[in-house]
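The values are calculated or read from the model by the stated rules, or taken from the named source; none is laboratory data. All of these numbers come straight from a predicted model, not from anything done at the bench. FYI the Cβ positions are ideal-geometry reconstructions off the backbone, even for glycines, and counts take in every protein chain you see. These accessible areas exclude ligands, DNA and RNA; they are computed on the full protein's heavy atoms, side chains included. Shrake-Rupley method; radii C 1.70, N 1.55, O 1.52, S 1.80 Å.
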Amino acid sequence: MYDKEMYERACLSPFLSFLPQEIVEKEIEDGFRHNVRSIIVDPDQVSLLKELKKKYPGCTTRLGITDGYPFGGLTTKSKVRQALFAVSEGLDEIDVGININALMSGDWDAVRADLKAVIDAVDGRLNIAPVSWLVRLSLANIDRLCEMYIDLGLTTLKTSAGLHFGNMKVEHVDYVHKHYGDKLDIEVAGRCRTRETAEAMREAGASYFHMSQWRRICGGEQDYAFDYAKKVGAYSEYKDRTT
C-alpha cells in the first residue's frame, strides 16, 4: 500500500550520486509535488531550492541544508557559520554532522561543545537534526548520545548518514523510541530500502525517513540510480548492492 502519509514522512537529499543539474531539479520539483516532509540540500543549492518552491505555493515541505555532513569534520566555527547562513536564508532545519571522530575517541566534552555552539548560535530559529551514526555505536553510547541531545534541548535525532556504513534495523528504532521517543523524533537514514522495512520502522516509532529510494517506497515509481561499475545513472528498477 502506497499512501500520502508515507510521502509526508519522506526526507530527500538530491545532491549525491553524481546527479546532473536537470535531475537535481526534477528530484526537488517531484519532492514539492508530492509534498514530502523535507528537502535537504547542499548550501550552494539553496537558491535553486527556494526558487523551485515558488511553483508550489501550497506545499508545506520543509527546507534545509547539511552542516558538517557526514562525519562532523568541519571546525566548530565553520558549522556555526553554516547554521547562521541557514537562518539568514529562512530555512527550516539543518542536518548537523556531530564530531564522530571525537565520539569514537571517547571525547564527549568535544562532541557536546561542538554541537552546543551550533545550538546556541541558532537560538531556536530552526530545527537541528544531528547525524548520529547509531549503526556504529554500542547501546551504552546510544543512551549517552540521546541523553546529551535531550539535555541540549534537541527534539530530533537522525539515525545515520547512510553512505554504505551499515543498515539501520527495526530493532534500533524500537530501542530509541522505547527509551527516548517521548522526547526525540526519530529520522531514519541508512538503507531503508523496502516498503516493508519502512512500515515496520514506522510501527516501531520512526517519525521520518531520509531515503534515496523515496518514490519506490512511497509510491511505487522508479528512482534515479547510479551504476558505480558503468559510471552511468538513470531512472530504473532498484537493484540492491551485493556487498
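Key figures
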| item | result |
| --- | --- |
| Meets criteria (touching a Leu at 6+ places or on another chain (Cβ under 9 Å), within 28 Å of Ser138 (Cβ to Cβ) and open to solvent by 10 Å² or more (accessible area, probe 1.4 Å)) for Ala117 | no |
| Identity of the residue in the range 32-50, in contact (Cβ under 8 Å) with a residue 60 or more places away in the chain and more than 23 Å from Ser78 (Cβ to Cβ), that ends up farthest from the chain's Cα centre (by Cα) | His34 |
| Of the criteria (1) closer than 20 Å to Leu115 by Cβ; (2) open to solvent by less than 50 Å² (accessible area, probe 1.4 Å); (3) in contact (Cβ under 8 Å) with a residue 24 or more places away in the chain, which one Ser78 fails | (3) |
| Scan of the range 29-67 for residues that are open to solvent by less than 10 Å² (accessible area, probe 1.4 Å) and assigned to a loop (DSSP other than H, G, I, E, B), ordered by number | Val36, Thr61 |
| Any hit, the range 222-236, residues being open to solvent by less than 50 Å² (accessible area, probe 1.4 Å) and in a helix (DSSP H, G or I) | no |
| Identity of the residue in the range 175-189, at pLDDT 95 or above and in a loop (DSSP other than H, G, I, E, B), that ends up surrounded by the fewest Cβ atoms within 10 Å (Cβ to Cβ) | Asp182 |
| Residue match in the range 125-139 (condition: open to solvent by 50 Å² or more (accessible area, probe 1.4 Å), free of Cβ contacts under 8 Å to residues at least 60 places away in the same chain, closer than 16 Å to Leu184 by Cβ and not in a strand (DSSP E or B)) | yes |
| Per-region count, the range 32-51, residues in contact with a Cys (Cβ under 9 Å, 6 or more places away or on another chain) and not polar (S, T, N, Q) | 7 |
| Unique match (being among the aliphatic types (A, V, I, L, M) and farther than 17 Å from Val111 by Cβ) among Ile150, Ile186, Ile128 | Ile186 |
| The range 141-179, residues that are within 13 Å of Met201 (Cβ to Cβ), of a type outside the set (Ser, Thr, Tyr) and more than 18 Å from the chain's Cα centre (by Cα) | Glu171, Asp174 |
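Matching residues to (1) part of a helix (DSSP H, G or I); (2) crowded, with 22+ Cβ neighbours inside 10 Å; (3) in contact with a Ser or Thr (Cβ under 8 Å, 6 or more places away or on another chain); (4) among the aromatic types (Phe, Trp, Tyr):
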position	(1), (2), (3), (4)
Ser160	no, yes, yes, no
Arg191	no, yes, no, no
Ala200	yes, no, no, no
Ser212	no, yes, yes, no
